[in-house]
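Everything on this sheet refers to the single structure shown next.
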Amino acid sequence: MSARSFDDVSFGDDLEEMKTDVSLDRIKRFTGAAGMTFERFTNHEAARKEGLPGAIVPGIMSQGILAAMIHRWAPGSTIVKIDTVFRAPLLVDSDPVCRGVVTDMNKADRTVEVDLTIVNEANETRVLGTATVRLEG
Amino acid sequence: MIVDLHNHSIKSDDGRAKVENYCQWISKRGLEVDGFVLTEHRQFDGDSDYRPLEDAHGLRILKGAEVETDYGHVLVFGVNEDLLQAFDFTRLDLPLELVIRESERCGAIAVPCHPGRATVGMCAHYEARGAVDGVRVIETYNGGSRGGENEDAIALAERYGYSGIGGSDAHIVSHIGRCVTRFDREIRDEQDLVDALTDGKFEAISWI
């Protein structure tokens, strides 16, 4: 894939929406690789005992998924900063969609600001944030 | 006139949006919004001058605050020096009754926001402790609401005869203009806004 140039980007540009797999199997693979042992991520019943509606997707995984969406949109770009706010639990075995949109541009350092969200099936925002991304060119 | 009554900029601890970018977004997306109110958490931003942005984008940019009470979060419109002396905006446990009473005394108006939200909304507190005198307007459409929270707010308004406003509760640029309030008149400044909210001639709208 070719790199995305700063000059090819405009304020208000949407990143391509990205569906993501947050099935229990995938979460177990992630938490295993990350050495995370909390059952609230991998066991619905254990999560409910903690007062959660079900097992939840780890925050660092959500952030990683959003970073992947940015790199899919702009291969070769550099994420200078990514900042996420977890407004509500993103549930394991749900069917979320990741979205991004360019909301600021800084020509001097060739960076753009991107609004980031992960919404669930009801179009409710579960994770939101922003990223500063340096583009080629 | 359509105004988004609940938004946060980078002046709020969890706000990530620059005010200039809110203006650009409204223009770029062609949103039917004539203005918006900045309601920063636990503070009133009396210093920032947004008149150049208003002129550049043809928008009205007003200022309020979002304070925290024993019945949840509350928007305050028409903040002035008297009100800033009446209670400590930084407190996390302001008595709602005090905020309502002092706002009215100082010519402002207090509007409980996202009432349907757990802990920080007033519905659950009403169930547990009863209603508070003096509430006239609540936020019935909040852009950040989830899972029936706005429906609970509307039910509360109907039960107690409150008027309802709409506000996006935007913390990022692209969330402004999701919930708004339509007024039957022009809102030129914060005093106009207080007068209009006091008169009760407005309508909450959700564009989500």
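The values are calculated or read from the model by the stated rules, or taken from the named source; none is laboratory data. These numbers were taken from a predicted model, which means no experiment stands behind them. Cβ placement follows ideal geometry from the backbone for every residue including glycine, while neighbour counts extend to all protein chains displayed. Each accessible area value is taken on the protein alone, full model and side chains, heavy atoms only, with ligands, DNA and RNA left out. Shrake-Rupley method; radii C 1.70, N 1.55, O 1.52, S 1.80 Å.
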Qualifying residues in region B:24-38 (those that are more than 9 Å from every other protein chain (Cβ to nearest Cβ) and part of a helix (DSSP H, G or I)) - the one nearest to the chain's Cα centre (by Cα): B:Ile26
Matching residues in region B:39-52 - criterion: being crowded, with 17+ Cβ neighbours inside 10 Å and outside any loop (DSSP other than H, G, I, E, B): B:Thr39, B:Glu40, B:His41
Residue check for A:Ile60: open to solvent by 30 Å² or more (accessible area, probe 1.4 Å), part of a helix (DSSP H, G or I), β-branched (Val, Ile, Thr) and farther than 20 Å from B:Asn21 by Cα: yes
Which listed residue is in contact with a Lys or Arg (Cβ under 9 Å, 6 or more places away or on another chain) and modelled with pLDDT of 95 or more, from A:Ala68, A:Ala55: A:Ala55
Enumeration of residues in region B:169-208 that are basic (Lys, Arg) and within 14 Å of chain A (Cβ to nearest Cβ): B:Arg178
Sole residue being touching a residue at least 40 places away in the same chain (Cβ under 8 Å) and within 14 Å of chain B (Cβ to nearest Cβ), chosen from A:Thr78, A:Thr132: A:Thr132
Meets criteria (touching a residue at least 12 places away in the same chain (Cβ under 8 Å), assigned to a loop (DSSP other than H, G, I, E, B), open to solvent by 30 Å² or more (accessible area, probe 1.4 Å) and not hydroxyl-bearing (Ser, Thr, Tyr)) for A:Asp95: yes
Residues within region B:39-59 that are more than 14 Å from chain A (Cβ to nearest Cβ) and under 19 Å from B:Val180 (Cα atoms), tallied: 5
Answer from A:Gly51, A:Gly32 - the residue that is loosely packed, with under 15 Cβ neighbours inside 10 Å, over 15 Å from the mean Cα position of the chain (by Cα) and in a helix (DSSP H, G or I): A:Gly32
Selection count where residues are in contact with a Ser or Thr (Cβ under 6 Å, 6 or more places away or on another chain) and farther than 14 Å from B:Leu38 by Cα, scope region B:58-108: 3
Members of region B:53-71 found to be more than 17 Å from the chain's Cα centre (by Cα), part of a loop (DSSP other than H, G, I, E, B) and more than 19 Å from B:Asp192 (Cα to Cα), listed by number: B:Asp70
Conditions (1) under 22 Å from B:Ile2 (Cβ atoms); (2) part of a strand (DSSP E or B): number failed by B:Val74: (1)
Tabulated pairs, region B:75-92, first at negative phi, second open to solvent by 30 Å² or more (accessible area, probe 1.4 Å) and in a helix (DSSP H, G or I), C-beta under 7 angstrom, 6+ apart or interchain: B:Phe77/B:Glu190; B:Phe87/B:Leu98
Complete set of residues in region A:14-29 that are in contact (Cβ under 8 Å) with a residue 40 or more places away in the chain and either surrounded by fewer than 12 Cβ atoms within 10 Å (Cβ to Cβ) or outside any helix (DSSP H, G or I) (or both): A:Asp14, A:Leu15, A:Glu16, A:Glu17, A:Met18, A:Lys19, A:Thr20, A:Val22, A:Ser23
Residue count for region A:101-128, restricted to those that are facing chain B (nearest Cβ under 9 Å), in contact with a helix residue (DSSP H, G or I) (Cβ under 7 Å, 6 or more places away or on another chain) and buried (at least 22 other Cβ atoms within 10 Å of the Cβ): 3
Answer residue from region B:13-23, given it is open to solvent by 60 Å² or more (accessible area, probe 1.4 Å) and free of Cβ contacts under 8 Å to residues at least 60 places away in the same chain and is nearest to the other protein chains (Cβ to nearest Cβ) among those: B:Glu20
